[in-house]
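In what follows, a structure is listed as structure tokens, so that the remarks can point back to it.
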Amino acid sequence: MTKQFPIDKFRTLETPFYYYDAQLLRETLSTIKEESGKYDRYCVHYAVKANANPKVLTIIRESGLGADCVSGGEIKAAIKAGFPANKIVYAGVGKTDWEINLGLEHDIFCFNVESVPELEIINELAAAQNKIARVAFRINPDVGAHTHANITTGLAENKFGISMQDMDHVIDLVETMKNVKFVGLHFHIGSQILDMGDFIALCNRINELQEKLYSRQIIVEHINVGGGLGIDYSHPDRQAIPDFKAYFETYHKHLRLRPQQTLHFELGRAVVGQCGSLITKVIYVKQGTNKQFAIVDGGMTDLIRPALYQAYHKIENLTSEEAVETYDVVGPICESSDVFGKAIDLNKVKRGDLIGIRSAGAYGEIMASSYNCRALPKGYTSDDFI
Ligand code: LLP
């Protein structure tokens, strides 16, 4: 069944804007709680980078998830939304001094460290604050993921993490440092992963590493496997809540945790992706030589994924039931790549129609820019219309 949108409300708002279905978000969150809660010491963090809209963040915080941050700005946004600092993990290859200091001041749960120079600076800054920072090493597991090349992160050629060969050295080093405490290992192989086999490959790699560490009598308290679970962009309504049962079960079956180890997840897209749509209005229908264009008021500045990754988002005409015609749906930005979709079948389009670009809750609003001096899109949740 196709989703029903509050069209009358939409007509009163200035377009383009993001619309978040708060009920779907809450149902998604309770499924995550239920499925992860089946296993002892599974701890889920929300990857703030996917969407930091304050209303969305608040709903996620209310569900009890922790926060995965990749910048000082995200730490501030998470704290402002009420996430407890002891549930914040902080990753990123280029943490600056003020960002590390911010994490230390708030006493965040853990820094996911990606290089030796970074470890040294965290130790130094923690000493200056007279604190001991908890650190996990982000290990690059050299596991490929079957996803878009721009969003795989776990290969040796990527900039992320510490290589498996360097791990022993880093562990030796951390033991000589007074103001950092080594508490865990962190991994992340990529995003929009739908093949559970990729996660199984990660589990196998972590099992090998754990064996290696065990032979040195090292058992870390925390294993963090990152995020990456994908969503169905082709059918946003078919399985609006991703298969969290299969996801957590995969880790339960394939990852050998030692007693007392906690397993952390950092999910972004799977939490918020399907609850958001970009709502945009048709400005003109233009006849081209061999095709017709639906020119809308939203553009790549509002949702960059199609232009940047050739990503597919389902497009629907929310205000027409007339016979279907074929259109290229394009934005107003002065770039040829400002195209949401080519040869898209839509119910006949006329000026003023509202178009919904679906599955845009993750990496949509947060990646918006003001190129062409455009205003940033606003975001509403269904709670705003009650
Ligand atoms: N943890 C780490 C260390 C990450 O780098 C990421 C995403 C996540 C967790 C969350 O991954 P998720 O569960 O959302 O797949 N802008 C791109 C996606 C970039 C993902 C970056 N890292 C897109 O629009 O597809």
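Here are some notes:
- Exactly one residue out of 323, 311 is of a type outside the set (Ser, Thr, Tyr) and open to solvent by 30 Å² or more (accessible area, probe 1.4 Å): that is 323.
- If you filter the range 81-98 down to residues that are part of a helix (DSSP H, G or I) and not polar (S, T, N, Q), you find that the one that is most open to solvent (accessible area, probe 1.4 Å) is 98.
- Residue in the range 63-75 that is assigned to a loop (DSSP other than H, G, I, E, B) and either of a type in the set (Lys, Arg) or at positive phi (or both) present: yes
- When 283, 279 are checked against the criterion of being in contact with a strand residue (DSSP E or B) (Cβ under 8 Å, 6 or more places away or on another chain) and open to solvent by 10 Å² or more (accessible area, probe 1.4 Å), 283 stands alone in meeting it.
- When each of 181, 159, 212 is tested for being charged (D, E, K, R) and farther than 26 Å from residue 101 by Cβ, the lone residue that passes is 212.
- Of all residues in the range 176-197, those that are under 27 Å from residue 135 (Cα atoms) and among the basic types (Lys, Arg) have Cβ atoms under 6 Å from Cβ atoms of residues that are more than 7 Å from the ligand (Cβ to nearest atom) and outside any loop (DSSP other than H, G, I, E, B), 6 or more apart or on another chain, in 181/134.
- Summed over the range 214-273, the residues that are of a type in the set (S, T, N, Q), part of a loop (DSSP other than H, G, I, E, B) and under 30 Å from residue 171 (Cα atoms) give a count of 4.
- Filter pass, residue 125 being open to solvent by less than 40 Å² (accessible area, probe 1.4 Å), farther than 22 Å from residue 163 by Cβ and either out of contact with any helix residue (DSSP H, G or I) (no Cβ under 9 Å at 6 or more places or on another chain) or modelled with pLDDT of 95 or more (or both): yes
- Of all the criteria given as (1) open to solvent by 40 Å² or more (accessible area, probe 1.4 Å); (2) more than 16 Å from the ligand (Cβ to nearest atom), the one not satisfied by residue 262 is (1).
- Residue, farthest from the ligand (Cβ to nearest atom), within the range 280-316, restricted to residues that are assigned to a strand (DSSP E or B) and among the aromatic types (Phe, Trp, Tyr): 284
The values are calculated or read from the model by the stated rules, or taken from the named source; none is laboratory data. Being a predicted model, the structure only gives us computed values, none of them experimental. Methodologically, a virtual Cβ is constructed for each residue, glycine included, from the backbone with ideal geometry; neighbour enumeration extends over all protein chains shown. Each accessible area value is taken on the protein alone, full model and side chains, heavy atoms only, with ligands, DNA and RNA left out. Shrake-Rupley method; radii C 1.70, N 1.55, O 1.52, S 1.80 Å.
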